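The values are calculated or read from the model by the stated rules, or taken from the named source; none is laboratory data. Values in this document were obtained by computation on a predicted structure and should not be read as measured data. Here Cβ is always computed from backbone atoms with ideal geometry, including for glycine, and neighbour counts include all displayed protein chains.
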Amino acid sequence: MKIARFIRAAVPLSLAVSCAGALPAGAQETSGPRGGVDCRGWEREYEDAAMPAIGQTWTLDFGSNTPIGPGPFVATIAFASASQATIKVTQGPAGTQGLTQDITYTSTRLRPCQYAVTWHEPKTGLFVTQVEDFAEHRAYDTIVDPAKGTMIHMTATFFRSQ
C-alpha cells in the first residue's frame, strides 16, 4: 500500500476514534475526578451504598430514534436523597416531552462508580432498571411496560448537568 493511500485511510479513522470519547453538546466538564464524582474510598468490598449523585442533577441523552419513538430523547434525573429523585423528559417523542415524575428508587453498588438503580414510574406504569456508570458517563436501561407486555433496552450518555 502506498503511503499516501495509507494516510488517507488512517487520518479519518484516527479522528473518529479520538472523537468517540468526547462529551456531547451541552455536557460540562467538571473539575473533580471522573466527571465530578469522587470515587476514592469506594474500593472496599461489595456493599450497598448511597448514590454518589445525591443533591445533583444528571442528564441522560439516549440519542435519536430510540425504541420509545422517533426524534431525540433526553431526560434529567435529579437525586434528592438516597431514595427519592425526579425524572423529567426535556426532549422526547410525541407525548413524552415535559413529562415529570417523582420516583422512589433503590440503588446497589456494582463496583466503584457504577450503580444499579431501579424504580417504578407512577404516571407511565413503567418499571426501570438503570445501570449508571459515573466513570464512563454511560447509562444502560432496561424498561418493562407491563401494560403492553414489552421490554426494551437503551443506552445513554450520562453527564452531570447541575
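Brief remarks on what is shown
- Condition met for THR66 (hydroxyl-bearing (Ser, Thr, Tyr), more than 22 Å from ALA135 (Cβ to Cβ) and either surrounded by 15 or more Cβ atoms within 10 Å (Cβ to Cβ) or within 14 Å of the chain's Cα centre (by Cα) (or both)): yes
- Tabulated pairs, the stretch 66-91, first within 14 Å of THR106 (Cβ to Cβ), second among the hydrophobic types (A, V, I, L, M, F, W, C) and not in a strand (DSSP E or B), C-beta under 8 angstrom, 6+ apart or interchain: PHE79/MET51; PHE79/ALA53; PHE79/ILE54; SER81/ILE54; ALA82/ALA50; ALA82/MET51; ALA82/ILE54
- None of ALA139, ALA116 is closer than 13 Å to THR76 by Cα and either in contact with a Cys (Cβ under 9 Å, 6 or more places away or on another chain) or of a type in the set (A, V, I, L, M, F, W, C) (or both) except ALA139.
- Single residue of the stretch 125-136 satisfying the filter (surrounded by fewer than 17 Cβ atoms within 10 Å (Cβ to Cβ) and more than 15 Å from the chain's Cα centre (by Cα)) that is farthest from MET51 (Cα to Cα): GLY125
- Pair list, Cβ under 9 Å, 6 or more apart: the stretch 107-124 residue in contact (Cβ under 8 Å) with a residue 24 or more places away in the chain, other residue among the β-branched types (Val, Ile, Thr) and not in a strand (DSSP E or B): CYS113/VAL37; THR124/THR96
- Candidates in the stretch 107-122 are the residues that are β-branched (Val, Ile, Thr) and at pLDDT 95 or above; of these, the one that is surrounded by the fewest Cβ atoms within 10 Å (Cβ to Cβ) is THR118.
So that you can scan it fast, the table gives a plain yes or no per residue for (1) closer than 16 Å to HIS153 by Cα; (2) surrounded by 18 or more Cβ atoms within 10 Å (Cβ to Cβ); (3) modelled with pLDDT of 95 or more:
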site	(1), (2), (3)
ALA50	no, no, no
GLY55	no, no, no
ALA75	yes, yes, yes
GLN84	no, no, yes
THR104	no, no, yes
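- Search result, residues across the stretch 91-102 that are exposed (fewer than 15 other Cβ atoms within 10 Å of the Cβ) and hydroxyl-bearing (Ser, Thr, Tyr): THR100
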